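Chemist: Dropping the structure in here first, questions after.
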Amino acid sequence: MIPFRRRRDGRVAARFEPGEAQLLLSLAEEAGDLARAAASPENAIADPALGRLLPNAYPDDPEASAEFRRFTAPGLADRKEAAARTMQDTLSSAPGGARVEVVLDDAQATAWLRTITDLRLVLAARLGIREDGDEGDIHDEESAMQRAVYDWLATVQEFLVLALRPRR
């Protein structure tokens with residue numbers, strides 16, 4: 001990966017190796033599916049990772065939390081799906097070759113940040129990461145790969161945030 005950098009036209013750009021771009025595309029597709037699944041209260045209860053995407057507004061009051069979810073979950077899930085779709089679209093339309101260059105305007109960059117955050121929340125829940133510094137439960141090859149993806153997404157996210165900082 002060649003990290004995100006601010007361009008003269010105000011947009012941000014990064015270059016990804018083809019395998020990295022494919023991984024990001026696959027993860028963005030998964031993020032859209034996860035957002036839709038998280039809107040269902042039954043799914044959020046059954047899978048704590050989905051519960052992290054749309055957490056209970058009132059953890060100590062299940063009735064109030066259910067009522068709040070009834071009114072807000074569909075809209076939040078729609079926005080999360082739209083952000084994931086933006087990430088997919090920008091990756092799909094990027095010119096290929098030796099490296100895949102992604103160029104984002106501010107709205108697209110925001111969508112990327114939201115989607116990466118959602119993906120990291122789900123991975124953290126699946127790995128048992130609760131706060132900064134936790135290593136998580138890495139007990140097999142799959143969990144080790146999830147941890148590597150979690151860390152790599154943190155790097156992509158950090159470079160994007162740094163590139164979006166206002167110039168002085």
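Chemist: Would you kindly derive the ³J(HN,Hα) couplings of region 84-95 from the backbone phi angles with the Karplus curve 6.51 cos²θ - 1.76 cosθ + 1.60 (θ = phi - 60°), listing them in order in whole Hz, with x for Gly and Pro?
Modeler: Each residue's phi maps through the Karplus curve to give 5, 5, 4, 4, 4, 4, 5, 6, 5, 8, 5, x Hz.
Chemist: From the Cα gyration tensor of the chain, with a ≥ b ≥ c the square roots of its eigenvalues, which class applies: rounded if a/c is under 1.5, or else prolate if a/b is larger than b/c, or else oblate?
Modeler: Verdict is prolate for the chain.
Chemist: Please compute, for the alpha-carbon atoms of region 29-102, the extent along each of the three principal axes and give them in descending order in Å.
Modeler: 53, 20, 15
Chemist: Of the heavy-atom accessible surface of the chain (probe 1.4 angstrom), what whole percent is carbon and sulfur?
Modeler: 51 percent
Chemist: Can you list the residues, at least 5 places off or on another chain, whose amide H is less than 5 Å from the amide H of residue 100, using H built in the peptide plane?
Modeler: 16, 17
Chemist: 7 Å from Cα along Cα→Cβ at both residue 154 and residue 106: what's the point-to-point distance in nm?
Modeler: For residue 154 paired with residue 106, the spin-label model returns 2.9 nm.
Chemist: Send over a whole-number figure in Å² for the accessible area per residue of the chain, probe 1.4 Å.
Modeler: Spelled out: the 1.4 Å probe surface of the chain, per residue, equals 58 Å².
Chemist: Based on Cβ point charges of +1 for Lys and Arg and -1 for Asp and Glu, what charge dipole magnitude is obtained for region 1-51 about its Cα centre, in debye rounded to the nearest 20?
Modeler: Magnitude of the dipole: close to 640 debye.
Chemist: Then there's this: In the chain, with Lys and Arg counted as +1 and Asp and Glu as -1 at Cβ, which of these residues, 48, 4, 34, has the Cα nearest the positive end of the dipole, that is, farthest along it?
Modeler: Highest projection toward the positive end goes to 4.
Chemist: Looking only at 128, 51, 32, which one moves most when the chain is put into a Gaussian network model with springs between Cα atoms under 10 Å?
Modeler: For the chain, modelled as a Gaussian network with Cα springs under 10 Å, the answer is 128.
Chemist: Rounded if a/c is under 1.5, else prolate if a/b is larger than b/c, else oblate: which is region 86-161, with a ≥ b ≥ c the root eigenvalues of its Cα gyration tensor?
Modeler: Judged from the Cα gyration tensor, region 86-161 comes out prolate (a/c at least 1.5, a/b above b/c).
The values are calculated or read from the model by the stated rules, or taken from the named source; none is laboratory data. This one's a predicted model, so the numbers in the text were calculated from it and none came from an experiment. Cβ atoms come from the backbone with ideal geometry, glycine included; neighbour counts cover every protein chain shown. Side chains included, ligands, DNA and RNA excluded: accessible areas come from the protein's heavy atoms. Shrake-Rupley method; radii C 1.70, N 1.55, O 1.52, S 1.80 Å.
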